[in-house]
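Trainee: Would you mind keeping the following structure in view while I ask a few things?
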């Protein structure tokens, strides 16, 4: 077993509503959508028109500036609608499922017997390439480049996150085939696993480096793992991919079909029976959650509560998400709430007496409990970010659009999810993740991706 890398800084948020390790009853929804807004920096150009028939794997749209990046349908059926926003920006490409599961056959192949160029061509043609994301900036990887390494976080430490040992049960062979593909794409493949994991899958892999982590969230963030194993310097590129996406890549080569199926964790205090579900990318949230929620004003999040997207009942699952979280909206006003003992409230500090209950879980809502105010260098961020950077000064550099300072303060090492806890504990109520994204977009514009 590899040496354990101990993460001391961070915070585990004890939310109520963790998924029980059982599969709930599911029925494949009638509507699905691929959302171009899930891909940073993408300018989509449609290939299919409304009303046209599609198969699983049919190209729906491609990137205007990188036409080789193709985005394909997760179901067979009809392109129902192209939803546009301001300036005709494409927000959603909605598909109506016909239930036939007709799929484009890309042909089976053995990754070990293919050269890198042929592997890349197969991934691009099938629409599987968007699974590979680049650090820095968390954008889709450039297929023309070779990264210094590919990193995979084999566990998720976010609030109520799915258990990857459970999720990957039965998919071991497809996962191993996917790893063979990764080994062809980069000189090094690193996989992070949890000290608490009971799975032997990762340690059974040949030709990869396995690293064991222990500690609170964000220990499961791939960015934190990269920082502790092989930090990103200026000019270097690292690619990342998630475990279920590796399974899809493996099945592409063993079956010849692009498999969009996912194990989804349905979590949160407002879910009647939190459990796991078998679905596909882009499924309609209203159909996934039908008859599964409590009454009241609810916040529905595709992903986890720290980094996920608010989707509402009419929304669709995000491309990179394997979790749905439902919590109370929290619109009620609480008179003198700050003066109450707060036994039912969670706080990182000892503001409330709830710190006396060590193993309690909390029904937290989306209420901000205050408005945005001036940033104060208080050291709050440092307590939850286990990286050798100065997050408060980095955010100030982003706000000042000081590119030199941003580089010096570690901008290449972080993406939104790495500073999500900073946003959670911030008494200034700043939208830290949104600020960081603006900074990354500025660096891409001025310095290139």
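Trainee: Of 245, 236, which residue is out of contact with any strand residue (DSSP E or B) (no Cβ under 7 Å at 6 or more places or on another chain), touching a residue at least 60 places away in the same chain (Cβ under 8 Å) and outside any helix (DSSP H, G or I)? It would help to see each step written out before you state the result.
Mentor: Numbers: 245 fails: outside any helix (DSSP H, G or I).
Selected residue: 236, the only one of 245, 236 that is out of contact with any strand residue (DSSP E or B) (no Cβ under 7 Å at 6 or more places or on another chain), touching a residue at least 60 places away in the same chain (Cβ under 8 Å) and outside any helix (DSSP H, G or I).
Residues are listed down the side, and each one gets a yes or a no for (1) within 24 Å of residue 96 (Cα to Cα); (2) in a helix (DSSP H, G or I):
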{"residue": "265", "(1), (2)": "yes, no"}
{"residue": "269", "(1), (2)": "no, no"}
{"residue": "287", "(1), (2)": "yes, yes"}
{"residue": "290", "(1), (2)": "yes, no"}
{"residue": "301", "(1), (2)": "yes, no"}
{"residue": "305", "(1), (2)": "no, no"}
{"residue": "314", "(1), (2)": "yes, no"}
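Trainee: Read through the list (1) more than 30 Å from residue 240 (Cα to Cα); (2) at pLDDT 65 or above; (3) surrounded by 14 or more Cβ atoms within 10 Å (Cβ to Cβ), then give the number of the only condition that residue 313 fails.
Mentor: Only one criterion is unmet by residue 313, namely (3).
Trainee: Which of the residues belonging to the stretch 76-100 are outside any strand (DSSP E or B) and either crowded, with 17+ Cβ neighbours inside 10 Å or under 26 Å from the mean Cα position of the chain (by Cα) (or both)? Steps first, please.
Mentor: To start, the set of residues in the stretch 76-100 that are outside any strand (DSSP E or B) comprises 76, 85-89, 98-100.
Across the stretch 76-100, the qualifying residues are 76, 85, 86, 89.
Trainee: Run down 430, 421 and say which single residue is crowded, with 17+ Cβ neighbours inside 10 Å, at pLDDT below 95, within 24 Å of the chain's Cα centre (by Cα) and not assigned by TED's automatic domain parsing to the domain that holds residue 219.
Mentor: 430
The rows are residues; the columns are (1) surrounded by fewer than 16 Cβ atoms within 10 Å (Cβ to Cβ); (2) out of contact with any strand residue (DSSP E or B) (no Cβ under 8 Å at 6 or more places or on another chain); (3) in the same structural domain as residue 305 (by TED's automatic domain parsing).
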{"position": "12", "(1), (2), (3)": "yes, yes, no"}
{"position": "16", "(1), (2), (3)": "no, no, no"}
{"position": "25", "(1), (2), (3)": "yes, yes, no"}
{"position": "35", "(1), (2), (3)": "no, no, no"}
{"position": "41", "(1), (2), (3)": "no, no, no"}
{"position": "47", "(1), (2), (3)": "no, no, no"}
{"position": "52", "(1), (2), (3)": "yes, no, no"}
{"position": "55", "(1), (2), (3)": "no, no, no"}
{"position": "60", "(1), (2), (3)": "no, no, no"}
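Trainee: Pull up the stretch 188-204, narrow it to residues that are touching a strand residue (DSSP E or B) at 6+ places or on another chain (Cβ under 7 Å) and surrounded by fewer than 18 Cβ atoms within 10 Å (Cβ to Cβ), then point me to the one that is farthest from residue 111 (Cα to Cα).
Mentor: In the first step, residues of the stretch 188-204 are kept if they are touching a strand residue (DSSP E or B) at 6+ places or on another chain (Cβ under 7 Å); the result is 188-195, 202-203.
Restricting the remaining residues to those that are surrounded by fewer than 18 Cβ atoms within 10 Å (Cβ to Cβ) gives 188, 195, 203.
Working: 188: 16, 195: 30, 203: 20 Å.
Restricting to residues being touching a strand residue (DSSP E or B) at 6+ places or on another chain (Cβ under 7 Å) and surrounded by fewer than 18 Cβ atoms within 10 Å (Cβ to Cβ), the top hit is 195.
Trainee: Considering the stretch 136-164 alone, what residues qualify as being crowded, with 19+ Cβ neighbours inside 10 Å and not in a loop (DSSP other than H, G, I, E, B)?
Mentor: If the condition is that a residue be crowded, with 19+ Cβ neighbours inside 10 Å and not in a loop (DSSP other than H, G, I, E, B), then 140, 149, 150, 151, 152, 153, 164 are the ones that fit.
Trainee: Please work out if residue 421 is in contact with a helix residue (DSSP H, G or I) (Cβ under 9 Å, 6 or more places away or on another chain), in a helix (DSSP H, G or I) and within 29 Å of residue 12 (Cβ to Cβ).
Mentor: Numbers: in contact with a helix residue (DSSP H, G or I) (Cβ under 9 Å, 6 or more places away or on another chain): yes; in a helix (DSSP H, G or I): yes; within 29 Å of residue 12 (Cβ to Cβ): yes.
The answer is yes for residue 421.
The values are calculated or read from the model by the stated rules, or taken from the named source; none is laboratory data. Note that this is a predicted model, so its numbers are computed, not measured. Please note: Cβ atoms are built from the backbone with ideal geometry, for glycine as well, and neighbour counts cover all protein chains shown.
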